[in-house]
1. Being under 19 Å from the mean Cα position of the chain (by Cα), of a type outside the set (Gly, Ala, Ser), under 14 Å from Ala127 (Cα atoms) and outside any loop (DSSP other than H, G, I, E, B), is that true of even one residue in segment 79-90?
2. Among the residues of segment 1-22, write down those that are touching a helix residue (DSSP H, G or I) at 6+ places or on another chain (Cβ under 6 Å) and not hydroxyl-bearing (Ser, Thr, Tyr).
3. Would you check which residues across segment 2-56 are under 13 Å from Val69 (Cβ atoms) and open to solvent by 60 Å² or more (accessible area, probe 1.4 Å) and list them?
4. Would you mind stating whether Leu70 is out of contact with any Pro (no Cβ under 7 Å at 6 or more places or on another chain), in a helix (DSSP H, G or I) and open to solvent by 70 Å² or more (accessible area, probe 1.4 Å)?
5. Looking at segment 82-101, is at least one residue over 24 Å from Leu131 (Cα atoms) and either exposed (fewer than 12 other Cβ atoms within 10 Å of the Cβ) or at pLDDT 95 or above (or both)?
6. Would you point out the residue of segment 109-144, among those that are free of Cβ contacts under 8 Å to residues at least 12 places away in the same chain, over 22 Å from Arg6 (Cα atoms) and part of a helix (DSSP H, G or I), that is most open to solvent (accessible area, probe 1.4 Å)?
Amino acid sequence: MTDKKRTRQWGLAWVTLALALGLHVADEAITDFLPLYNSIVGTLRQSVPWLPLPTFSFAVWLAGLIVVVLLLLSLSPLAFAGKRWLVPVCYFLGVLMTLNALGHIGASIYFGFPAPGVYSSPVLLLAALGLLVTTRRLRHEPPP
């Protein structure tokens with residue numbers, strides 16, 4: 001496979017992850033993820049007071065995640081250009097989003113009902129794994 005084709009796939013994987021994250025944020029917002037998250041953080045703070053987990057208002061949480069998705073989309077030309085400094089960012093995002101998706105799926109299995117955000121989790125998981133795979137392939141190619 002040519003380097004140009006691998007770089008294009010990497011850019012598409014980047015955009016796909018950003019869009020999947022946007023879908024996941026919408027899913028969480030619609031299914032009341034934030035009240036559940038804030039209550040879990042409140043319980044954890046009682047058990048482990050030194051753990052620095054924040055709670056959020058809905059507006060701040062949603063605005064922050066929208067900014068993250070827009071930032072990822074705005075960086076997509078750099079992924080399509082094959083900028084190698086994005087490789088560690090891709091690994092970080094791929095692993096983080098994989099854990100995020102698996103957390104929602106695992107919580108749904110554990111609690112026996114669909115956890116908030118679970119409906120988009122398979123899409124997020126596939127996008128994260130796709131980004132990890134394309135990043136690994138690109139990393140083993142010589143730089144352009």
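1. For segment 79-90, residues under 19 Å from the mean Cα position of the chain (by Cα), of a type outside the set (Gly, Ala, Ser), under 14 Å from Ala127 (Cα atoms) and outside any loop (DSSP other than H, G, I, E, B): present.
2. Across segment 1-22, the qualifying residues are Arg6, Gln9, Trp10, Gly11, Ala13, Trp14, Val15, Leu17, Ala18, Ala20, Leu21, Gly22.
3. Thr16, Leu19, Leu23
4. It is true that Leu70 is out of contact with any Pro (no Cβ under 7 Å at 6 or more places or on another chain), in a helix (DSSP H, G or I) and open to solvent by 70 Å² or more (accessible area, probe 1.4 Å).
5. Checking segment 82-101: not a single residue is over 24 Å from Leu131 (Cα atoms) and either exposed (fewer than 12 other Cβ atoms within 10 Å of the Cβ) or at pLDDT 95 or above (or both).
6. Of everything passing the filter in segment 109-144, Tyr110 is most open to solvent (accessible area, probe 1.4 Å).
The values are calculated or read from the model by the stated rules, or taken from the named source; none is laboratory data. For clarity, every value in this text was computed on a predicted model and none was experimentally measured. Cβ atoms come from the backbone with ideal geometry, glycine included; neighbour counts cover every protein chain shown. Note: areas computed on protein heavy atoms with side chains; ligands, DNA, RNA excluded. Shrake-Rupley method; radii C 1.70, N 1.55, O 1.52, S 1.80 Å.
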